[in-house]
1. Given GLY110, GLY156, which one is farther than 14 Å from GLN72 by Cβ and touching an Asp or Glu at 6+ places or on another chain (Cβ under 9 Å)?
2. Here is a list: GLY156, GLY89, GLY110. Which entry is out of contact with any His (no Cβ under 6 Å at 6 or more places or on another chain), at pLDDT 80 or above and in a loop (DSSP other than H, G, I, E, B)?
3. If I ask for residues that are more than 14 Å from LEU150 (Cβ to Cβ) and either touching a residue at least 40 places away in the same chain (Cβ under 8 Å) or among the aromatic types (Phe, Trp, Tyr) (or both), which ones from region 87-101 would you list?
4. What number of residues within region 113-141 satisfy the criterion of being of a type in the set (Gly, Ala, Ser), part of a strand (DSSP E or B) and out of contact with any Asp or Glu (no Cβ under 7 Å at 6 or more places or on another chain)?
5. Any idea which residue in region 126-152 is surrounded by the fewest Cβ atoms within 10 Å (Cβ to Cβ), counting only those that are in contact (Cβ under 8 Å) with a residue 40 or more places away in the chain and in contact with a Cys (Cβ under 8 Å, 6 or more places away or on another chain)?
6. Report whether or not LEU132 is modelled with pLDDT of 75 or more and in contact with a helix residue (DSSP H, G or I) (Cβ under 8 Å, 6 or more places away or on another chain).
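The values are calculated or read from the model by the stated rules, or taken from the named source; none is laboratory data. It should be emphasised that the depicted structure is a prediction, and the values quoted were computed from it without experimental measurement. Positions of Cβ are generated from backbone atoms using ideal geometry, with glycine treated the same way; all protein chains shown enter the neighbour counts.
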Amino acid sequence: MTRFTLLSLALASIPACTVGNIPDSDEPPAGVVCDKKAQAVDGNHFEGMSCATAGACHPLTDGGAGAGPFLQLSGTVYAKSDGAEPTEGATVTLTWNGGSKKFVTGTAPGKGNFFDYTVTGITFPATVKVSLCPDPELAMNTPLANAGDLNCSKGGCHNQSLRIFIKQ
């Protein structure tokens, strides 16, 4: 009994050890503007591909030829600029004069994809940003000039050499 009492007293006299606060990766760090990870949905099909082009899965315009419905907006978000890993649960925000709409990147198949069939009333120019805490949101360098720019993976935009990404 004496040993147990001495051991208890010895342990009680040791100061508590702390390793500091480990931030919850879903919470924005102090001073950082970002969106928490959102509930991802089916990303639909193929990440990194241009979904709305002539001969592709979705038509260029409403009523055009294509296997799938007309897409107003589509693209893929990656963790880094190298395009190695698509990211699910990120938020893509499209903002224009008088409105905005948020889209969430999806799960596999098509992990990292965001798309919309119904966004309407956009006036151009419009801006786009992508966000996923704890990283700060990143805005696209140039505004979207017209409806054709809503196809983010089209030729000359976000292709294999210029990915949409959330980590600098």
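1. Criteria check complete, one pass: GLY110.
2. One residue alone meets the criteria, GLY89.
3. Within region 87-101, THR87, GLU88, GLY89, ALA90, THR91 meet the criteria.
4. Residues in region 113-141 being of a type in the set (Gly, Ala, Ser), part of a strand (DSSP E or B) and out of contact with any Asp or Glu (no Cβ under 7 Å at 6 or more places or on another chain): 2 in total.
5. My answer is PRO134.
6. For LEU132, the condition - modelled with pLDDT of 75 or more and in contact with a helix residue (DSSP H, G or I) (Cβ under 8 Å, 6 or more places away or on another chain) - is not met.
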